[in-house]
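Worksheet for the structure shown next.
The values are calculated or read from the model by the stated rules, or taken from the named source; none is laboratory data. Source: prediction; values computed, not measured. Every residue, glycine as well, gets a Cβ built from its backbone with ideal geometry; the counts of neighbours run over all protein chains shown. The protein model used for the area step is the full one, side chains on, heavy atoms only, and it has no ligands, DNA or RNA in it. Shrake-Rupley method; radii C 1.70, N 1.55, O 1.52, S 1.80 Å.
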Amino acid sequence: MRDLARSDLEALVVELGDAPQRARQLWRAMYHELRESFDDMTFLSTPVREALQERFVIGSLESVYYATSEDGTADKALFRLPDGELIETVLMRYAPDGHRKVRRTVCVSTQAGCAWGCTFCATGQQGFRRHLSVGEIVSQVLFMERIARAEDAASSEGGRRSAGERRGVTNVVFMGMGEPLANYENTLGSIRTLIDEQGLHIGVRHVTLSTVGLVPQIVRLADEGLPLNLAVSLHAADNVTRSETMPVNRRYPIEQLVEACRTYIEKTSRRIFFEYVLLHGQNDSVEQAAALGRLLRGVLCHVNLIPVNPTGEGPFQRPTRACRTAFQQTLRDHGVPSTIRMEKGIDINAGCGQLRARIAGGA
Ligand code: SF4
């Protein structure tokens, strides 16, 4: 049922014999009230309810593992899909800082496995199995929304939010298993459901889509009229180095990628976030920082520097603090803003694809 767009749901309910207003109530019941069964949806006529029950399930995900990091800032869930595929979802909690309020960010998966084979990524080491449906992507957020709402209810601050302020899940990032733009239609469908103001109503500017750099899809996304945050995994400033860790670069080299990003910025007026995983000895030298600075000078962007989250099989180590600082200073010298972002949830294998690797591998 969660595969349907609101317009499709409306058409279905009308076709079955109820008024469009009933479809709107059904949408709200599923995405605002988080109901998972038609049983008590008495606003629907009995024949329509029975027809829906016969043909659809609203569905929920089967959680086979759930863990919270020691510091309590990150939860990680492993879900088993009906065909046996395992996917991961992470919930991250951020305390207020400066002008920003409490945030809860859900990191969703969009594919079971991934075809792009980035050498530093646990998912990339597992291969591609299939795309996730709209419902499977949306359901990951709804699962975490339940947890977030329960926390709000338990917290003494739960009842003191200001008018219009959203609690529960505040942000969604498409940075879990898989390449979201390779599953373009379902990714965009799930975003449209998540931001729908009659349902969960996540602010579109609080949605971040991360891509390995699929050039045609970035150009297509620029015309969707969705002011999303776009994060592009760059990880190197020259084609030789980037191709060593990111096979996608052989198909879409850096020059094409940056050109597509410029198109995206021009059409959306949105800043792009470039993700740069710092791999010690591979892409973390001052010379490489200078090359990155030259590449991005004048581009409306922000660089997120992410010291690698080592995997069991992966060959890469985290760079030293001195390395990280020198890299960032060099970018600053070129007028390129950046942040060093330490990943949350290291003790629960919250890096992309790591938990599935551990559970499926029997560790
Ligand atoms: S980093 Fe992203 S695109 Fe690369 S292999 Fe991992 S999931 Fe796929």
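Against the globular-protein guess of 2.2 N^0.38 Å, express the Cα radius of gyration of the range 62-360 as a ratio, rounded to two decimals.
0.97
Any idea what the dipole of the chain comes to, in debye rounded to 20, about its Cα centre with Lys/Arg Cβ at +1 and Asp/Glu Cβ at -1?
940 debye
Suppose all protein chains stay in the model; what accessible area per residue would a 1.4 Å probe give for the range 138-275, in Å²?
Per residue, the range 138-275 has 39 Å² of solvent-accessible surface.
For the range 6-55, with only Lys/Arg (+1) and Asp/Glu (-1) charged at the beta-carbon, what is the dipole magnitude about the Cα centre, in debye rounded to 20?
In debye, rounded to 20, the range 6-55 gives about 180.
Roughly to the nearest percent, how much of the accessible area of the chain is carbon and sulfur, given a 1.4 Å probe?
50 percent
GNM on the chain, C-alpha springs below 10 Å: top fluctuator among Pro96, Pro227, Pro337?
In this elastic network of the chain, the residue with the biggest mean-square fluctuation among Pro96, Pro227, Pro337 is Pro96.
If I model a spin label as a point 7 Å beyond the Cα along the Cα-Cβ vector, how far apart are those points for Gln256 and Arg321 in nm?
The modelled label-to-label distance comes out at 4.2 nm.
Antiparallel versus total DSSP beta bridges in the chain: what percent is that, nearest 5?
Percentage antiparallel, nearest 5: 50.
Say the dipole of the chain comes from +1 at the beta carbon of Lys and Arg and -1 at that of Asp and Glu; which of Gly225, Thr330, Cys301 then lies farthest toward its positive end?
Checking the options against the dipole of the chain, the answer is Thr330.
Among 8-17, 33-42, how do they line up from the highest to the lowest mean number of other beta-carbon atoms within 10 Å?
Most protected by this proxy first, the peptides run 8-17, 33-42.
Return one whole number: the accessible area per residue of the range 6-55 in Å², for a 1.4 Å probe.
54 Å²
When only C-alpha pairs under 8 Å and at least 6 residues apart count, what is the relative contact order of the chain, in percent?
15 percent
For the range 6-55, take every pair of Cα atoms, bin their distances at 5 Å starting from 0, and report each bin as a whole percent.
5, 24, 36, 29, 7
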